[in-house]
Amino acid sequence: MASSKEEAVEELPASLNICALNCVDLSSSDLLNSAAIVREACLDSGFFYVINHGIGQEFMDEVFAQSKMFFNLPLEEKRKLLRNEKNRGYTPMLDELLDPDNQIQGDYKEGYYIGVEVPAADPKSEKQFYGQNVWPGADILPRWRETMERYHQEALEVARAVARIIAVALDLNSDFFDKPEILGEPIATLRLLHYEGQSEPTKGIYGAGAHTDFDMLTLLATDDVIGLQICKDKDAKPLVWEYVPPMKGAFIVNIADLLERLSNCVFRSTLHRVLGNGQERYSIALFVGPGYDYVVECLPTCQSTDNPPKFPPVKSGDYLLQRYASTHASLSSYGQ
């Protein structure tokens, strides 16, 4: 039986406000129990841990090692791989501004986007979020592409397994999200992230500003440096922030905007941010959402006469385009 709450790490300073999250064991055969744990988590914080997901620690260590190798390259080498119009490639420090009301400039992080590989001959490649990835040369990072492609595939399977539990938690058939137009052929974007450790909230400096994620769900792997904070109630005054500690061998999963819309706010897309503590920090996020043309509208199990849909229907791809455009620097600014 999956455990309900986990403290996650030991020897954290007593002064830190720590959030104890529910923990779901993907090796459990008790789907109803797992769905109950997920539902409780999504009603409470929108965040939970996933353990026994099938991706071995040795391979996870290799993925992080390869990520660090890229970010350790000279800036001029990384800038040869700058993010393109398909949202693939390198994003430099300050490229993303997630909380313009409270940040004086962009996030103190650099990143690298990798998406689902679609051949140029495929008509789908003409749409945003589909196409070919940008890769460092094999002469510079010999095993990099192989490692990241494998990780993207394996992490996506974990996300699909989590989505099956979420479906049951929403009183749907477990395979509801497996449809080709939803997660059968999803928009699934891997992002490698490197934070340099700067953070002065009183001066508007953050590793990542306060935001909600855009897609359906996020699968996050982190190193052992604490930095992620969540705010369970984004309408509270003042906002109350709690740290989510890393857990060795576990993913942190959070609900994102499109699932909040699908569930009619039953499951929340929780506000979160990253603070630096003077240490470098690495994380790897997989953002998973429906296919571009899927119309996101309230699920039948999440509405009633007394609880009508709160959001108008929207195409998945259109929503993501708007959110990415509003938070990232324009591509034309890269020449500066």
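PRE reach from residue 293 (point 7 Å along Cα→Cβ): which of the range 101-129 fall under 14 Å by backbone N?
Zone members listed by number: 123-128.
Which value in deg cm²/dmol, rounded to the nearest 500, describes the helix-derived mean residue ellipticity at 222 nm for the chain, given -39,500 (n - 2.57) per DSSP H run of n ≥ 4 and division by the residue count?
Numbers: 6 runs with 77 residues, N = 336.
Taking each H run of at least 4 residues, the total per residue is -7000 deg cm²/dmol.
Using a 10 Å cut-off on Cβ atoms, rank the peptides 270-281, 185-196, 59-70 from the highest mean neighbour count down.
Details: 270-281: 19.2, 185-196: 22.2, 59-70: 16.8.
In decreasing order of mean packing, 270-281, 185-196, 59-70 become 185-196, 270-281, 59-70.
If the viscosity is 1.567 mPa s and the temperature 4 °C, what translational diffusion coefficient in µm²/s does Stokes-Einstein give for the range 195-336 when Rh comes from Kirkwood over Cα pairs?
Working: Rh = 16.9 Å.
D, rounded to a whole number, is 77 µm²/s.
Quick one: what are the phi-derived ³J(HN,Hα) couplings along the range 313-330, Karplus 6.51/-1.76/1.60 with θ = phi - 60°, whole Hz, x for glycine and proline?
Residue by residue, the range 313-330 yields x, 8, 5, 3, x, 5, 5, 5, 4, 5, 5, 5, 5, 7, 10, 9, 4, 5 Hz.
In terms of modelled amide H atoms, which long-range or inter-chain residues lie less than 5 Å from the amide H of residue 170?
none
Give me the percent of Cα-Cα pairs in the range 139-264 that sit more than 22 Å apart, rounded to a whole number.
49
Normalised by the number of residues in the range 94-236, what is the relative contact order in percent for Cα pairs under 8 Å and 6+ residues apart?
Relative contact order here is 33 percent.
Assign unit charges at the C-beta atoms only (+1 for Lys and Arg, -1 for Asp and Glu), then state the dipole size of the chain relative to its Cα centre in Debye, rounded to the nearest 20.
Details: 31 positive and 49 negative charges, 123 e Å.
Value, rounded to 20: 580 debye.
What is the percent carbon and sulfur in the accessible area of the range 222-299, measuring with a 1.4 Å probe over the protein chains and ignoring ligands?
Values: 1280 of 2620 Å².
Ligands and nucleic acids excluded, carbon and sulfur reach 49 percent.
Relative contact order for the chain using alpha-carbon pairs under 8 Å, separation at least 6, rounded to a whole percent? All intermediate terms of the calculation are to be shown ahead of the outcome.
Details: 721 pairs, mean separation 69.2, N = 336.
With pairs under 8 Å counted, the relative contact order is 21 percent.
On the protein heavy atoms, probe 1.4 angstrom, tell me the percent of accessible surface of the range 70-174 carried by carbon and sulfur. Kindly include the intermediate steps, with their values, before the conclusion.
On the way: 2280 of 4800 Å².
Roughly 47 percent of what the probe reaches on the range 70-174 is carbon or sulfur.
Residues of the chain: accessible area per residue at 1.4 Å, in Å²?
Details: 14640 Å² over 336 residues.
Value returned for the chain: 44 Å² of accessible area per residue.
May I ask for the equivalent-ellipsoid semi-axes of the chain, computed as the square root of five times each C-alpha gyration tensor eigenvalue and listed largest first in whole Å? List each step's numbers first, then the result.
Numbers: eigenvalues 159, 117, 89 Å².
Whole-Å semi-axes of the equivalent ellipsoid: 28, 24, 21.
For the chain, build the charge dipole from Cβ charges (+1 Lys, Arg; -1 Asp, Glu) around the Cα centre, then report which of 194, 159, 321 sits farthest towards its positive end.
Farthest along the dipole direction, towards plus: 321.
Taking the Cα centroid of the range 82-133 and of the range 172-247, what is the distance between the two, rounded to the nearest whole Å?
16
Kindly write out, for the range 208-221 in residue order, the coupling ³J(HN,Hα) from the Karplus curve 6.51 cos²θ - 1.76 cosθ + 1.60 (θ = phi - 60°), rounded to whole Hz, with x marking Gly and Pro.
My calculation for the range 208-221 gives 8, x, 4, 6, 10, 6, 8, 7, 8, 8, 10, 10, 10, 10 Hz in order.
Specify which residue in the list 75, 113, 92 is farthest towards the positive end of the charge dipole of the range 65-177, using unit charges on the beta carbon of Lys, Arg (+1) and Asp, Glu (-1), about the Cα centre.
After comparing all options, I get 75.
Quick one: Karplus J couplings for the range 133-146, per residue in order, coefficients 6.51, -1.76, 1.60, θ = phi - 60°, nearest Hz, x for Gly and Pro?
Per residue, the Karplus-derived 3J(HN,Hα) values read 7, 9, 10, x, x, 5, 6, 8, 10, x, 9, 5, 4, 4 Hz.
The values are calculated or read from the model by the stated rules, or taken from the named source; none is laboratory data. Please read these numbers as outputs of a predicted model, since none were measured by experiment. Neighbour counts are summed over all protein chains in view; Cβ atoms, including those assigned to glycine, are modelled from backbone coordinates with ideal geometry. With ligands, DNA and RNA removed, areas are computed over all heavy atoms of the protein, side chains included. Shrake-Rupley method; radii C 1.70, N 1.55, O 1.52, S 1.80 Å.
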